[in-house]
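The structure appears below as structure tokens.
The values are calculated or read from the model by the stated rules, or taken from the named source; none is laboratory data. These numbers come from a predicted model, not from an experiment. Positions of Cβ are backbone-derived with ideal geometry, glycine not excepted, and every protein chain shown enters the neighbour counts. Areas reflect the complete protein model, heavy atoms only, side chains present, ligands, DNA and RNA absent. Shrake-Rupley method; radii C 1.70, N 1.55, O 1.52, S 1.80 Å.
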Amino acid sequence: MNVLTDNAELFLTGFKNTGILFVFSAFFALILGTIVAGMRVSPVPAMQATGTFYVNAVRNTPLTLILAFFALGYPQLGLPDLSFMAAAIVGLSLYTATYVSEAIRSGINTVSVGQSEAARAIGLPFMQTLTLIVLPQAFRSVVPPLFSVFIALLKNTTVAAGFSVLEAGAIRAYLSERGEPLLPGLLWVALIFMVLVLGILTPLQRYLEKKWRVAR
Amino acid sequence: MKKFFSKKSLGVAAVFTAAALALSGCGGDTGGGSTEGGGEAGLTYEVAKDVALTGSPTFDAIKSSGKIRIGVKEDQPGLGYLDAATGERSGFDIEIARWMAASLGVPADKIEFKPIPSANRETALANGDVDLYVGTYSITDKRKKLVDFAGPYFITGQGLLVAKDNTDIKSEKDLAGKKVCSATGSTPIQNIRENFPEATPVEYDLYSKCVENLKTGQVDAVTTDQAILLGYASQDPDNLKVVGEPFTVEKYGIGLPLGDTALRTFLNTTLTDGNATWTKIYDATLGASGTKVEQPAVDQY
């Protein structure tokens with residue numbers, strides 16, 4: 001307990017930044033991932049190819065490398081300056097979007113072909129078929145895998161500690177330098193992560209599943 | 001085919017057995033008293049024989065295994081450095097480690113150096129992954145609760161490394177609005193966060209990444225113990241320089257498992273009695289920059 005109370009400001013800063021990284025990355029990843037999933041099922045070959053290339057290229061690159069690029073490589077390109085926090089959000093979003101895209105695409109595959117055929121039959125173009133008919137149905141079937149992706153994202157935020165973002169992953173290094181025993185420190189970090197997952201993400205998942213349940 | 005393999009492996013086994021026999025015989029011959037080679041600086045240490053040290057579990061483990069495992073840094077030129085090309089370790093800390101091993105009766109070729117990053121030092125010592133830790137390990141009261149320290153064997157303080165052509169930063173008073181880099185969570189970066197709120201802290205897991213960023217102009221200064229910075233500056237004097245005076249006090253100690261008082265007393269005695277050796281080590285490593293430093297007195301707390 002002492003480790004937590006003696007270093008309260010460290011835990012607060014750390015988990016506050018973890019929260020910021022998570023909320024923004026999840027938001028952007030959800031938007032980008034949905035767009036990419038839409039590209040991959042679109043009838044335009046160029047868009048399909050772009051979406052497929054993006055997913056395969058980024059999903060198969062280690063997150064550490066992606067963040068290293070944004071923290072160490074990007075500033076040398078002479079583009080607008082990004083804070084380390086912003087750079088980490090961009091990196092995490094780009095990475096997580098590929099997983100979101102694949103989860104949503106698997107949801108799209110569960111929507112029966114008749115749905116989009118019916119949509120086309122009443123004259124809806126592709127964009128409307130996708131956004132009005134297919135995606136709403138797809139989303140409710142992908143709540144569990146999508147939440148797995150977001151839980152993974154929450155834990156992935158700790159990678160940013162290596163690139164100058166003081167979040168939960170950096171707490172350990174700070175505690176060690178302050179001469180605090182490591183095990184209680186690590187246990188507190190793990191415990192807070194569990195609280196975040198079990199206390200916030202899991203209830204949210206359950207709520208959405210219930211709300212969007214389909215009678216089959 | 002199968003037969004061929006079994007024959008071959010038999011042959012290999014025979015060779016290994018012979019080698020093992022030869023080695024053990026050899027070990028018996030040079031049981032003590034021989035002088036083993038040190039680092040590239042040509043330093044050698046008398047390997048003690050029949051070391052009388054009772055009541056030290058760490059020493060007992062070293063004695064029964066015949067080798068010693070020492071935790072070190074390997075990205076700090078002049079202190080603890082591993083030349084990736086040659087596999088050669090060099091630096092002040094490395095030499096201190098070799099000296100201490102020799103005083104415990106372990107020749108240089110029986111030292112197993114293990115790179116342990118700063119954040120894992122206490123754990124490595126507590127878990128018995130290493131017997132000793134010699135790598136810019138500052139003695140602090142809080143750490144004394146987790147590990148024991150022999151020494152100090154060196155005293156330094158937080159300093160600043162900047163690019164050679166930098167004229168803005170002359171001391172720690174000029175840090176406002178500057179990007180200052182150090183290792184993640186390290187004492188120097190915590191000091192910057194707390195006492196220099198106008199500076200922007202930048203953290204990477206390794207000091208070498210900070211130095212790289214300094215050379216490309218992404219950070220304005222690198223801060224950590226001045227001894228470490230002098231090492232970097234001496235490696236690349238055309239691009240880097242150390243400015244100002246140390247503005248904290250750091251005492252480097254030899255980390256050892258908590259409660260091993262017998263070993264600590266033994267190492268402290270070695271450091272105190274071996275003043276001439278200490279001076280030789282300093283002159284051959286950090287002292288290459290031309291500075292002369294007196295060995296600090298050990299603190300038998």
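List of remarks:
- Residue in the range B:110-123 that is more than 10 Å from chain A (Cβ to nearest Cβ) and touching a residue at least 60 places away in the same chain (Cβ under 8 Å) present: no
- Looking at the range B:197-273, the helices (runs of 4 or more DSSP H) lying wholly inside it that each contain 2 or more residues that are within 14 Å of another protein chain (Cβ to nearest Cβ) and under 27 Å from B:Ile70 (Cβ atoms) sit at B:207-215.
- Residue within the range B:141-155 that is touching a residue at least 24 places away in the same chain (Cβ under 8 Å) and within 21 Å of B:Ser208 (Cα to Cα) present: no
- Residue in the range B:124-133 that is more than 14 Å from chain A (Cβ to nearest Cβ) and on the phi > 0 side of the Ramachandran plot present: yes
- Test set (1) in a strand (DSSP E or B); (2) over 16 Å from the mean Cα position of the chain (by Cα) - B:Phe59 fails condition number: (1)
- Selection count, the range B:78-89, where residues are crowded, with 23+ Cβ neighbours inside 10 Å and more than 9 Å from the chain's Cα centre (by Cα): 1
- The range B:160-187, residues that are of a type in the set (Asp, Glu) and buried (at least 23 other Cβ atoms within 10 Å of the Cβ): B:Glu172
- Restricted to the range A:184-196, and to residues there that are within 14 Å of chain B (Cβ to nearest Cβ) and more than 23 Å from B:Tyr204 (Cα to Cα), the residue that is nearest to the chain's Cα centre (by Cα) is A:Leu187.
- Selection status of B:Ala97, of a type in the set (Gly, Ala, Ser), assigned to a helix (DSSP H, G or I) and in contact with a helix residue (DSSP H, G or I) (Cβ under 8 Å, 6 or more places away or on another chain): no
- Applying the criterion of being open to solvent by 10 Å² or more (accessible area, probe 1.4 Å) and not in a strand (DSSP E or B) to the residues of the range B:137-159, the residue that is farthest from the other protein chains (Cβ to nearest Cβ) is B:Ile139.
- Residue match in the range A:1-23 (condition: aromatic (Phe, Trp, Tyr) and open to solvent by 40 Å² or more (accessible area, probe 1.4 Å)): no
- Leading residue by the ranking (nearest to the other protein chains (Cβ to nearest Cβ)) among those in the range A:125-159 that are open to solvent by 50 Å² or more (accessible area, probe 1.4 Å) and closer than 16 Å to A:Glu102 by Cβ: A:Ser148
- Which numbered condition A:Ile31 misses (of (1) open to solvent by less than 60 Å² (accessible area, probe 1.4 Å); (2) over 28 Å from B:Lys209 (Cβ atoms); (3) assigned to a helix (DSSP H, G or I)): (1)
- Residue that is surrounded by fewer than 17 Cβ atoms within 10 Å (Cβ to Cβ) and either within 14 Å of chain B (Cβ to nearest Cβ) or farther than 23 Å from A:Ile66 by Cβ (or both), where the choices are A:Gly179, A:Gly199, A:Gly162: A:Gly199
- Which numbered condition A:Leu92 misses (of (1) within 30 Å of A:Gly14 (Cα to Cα); (2) assigned to a loop (DSSP other than H, G, I, E, B)): (2)
- Lone unmet requirement of (1) more than 14 Å from chain B (Cβ to nearest Cβ); (2) of a type in the set (Gly, Ala, Ser); (3) surrounded by fewer than 17 Cβ atoms within 10 Å (Cβ to Cβ) for A:Gly51: (3)
- Subset of the range A:47-81 [of a type in the set (A, V, I, L, M) and over 15 Å from B:Val219 (Cβ atoms)]: A:Met47, A:Ala49, A:Val55, A:Ala57, A:Val58, A:Leu63, A:Leu65, A:Ile66, A:Leu67, A:Ala68, A:Leu77, A:Leu79
- Number of the exception - A:Gly51 against (1) touching a Gly at 6+ places or on another chain (Cβ under 9 Å); (2) at pLDDT below 95: (2)
- Residue within the range B:160-173 that is closer than 20 Å to B:Leu229 by Cβ, out of contact with any strand residue (DSSP E or B) (no Cβ under 6 Å at 6 or more places or on another chain) and within 14 Å of chain A (Cβ to nearest Cβ) present: no
- In the range A:183-194, the count of residues that are open to solvent by 50 Å² or more (accessible area, probe 1.4 Å) and touching a Leu at 6+ places or on another chain (Cβ under 8 Å) is one or more.
- Residue among B:Gly39, B:Gly71 that is open to solvent by less than 20 Å² (accessible area, probe 1.4 Å), modelled with pLDDT of 90 or more and not hydroxyl-bearing (Ser, Thr, Tyr): B:Gly71
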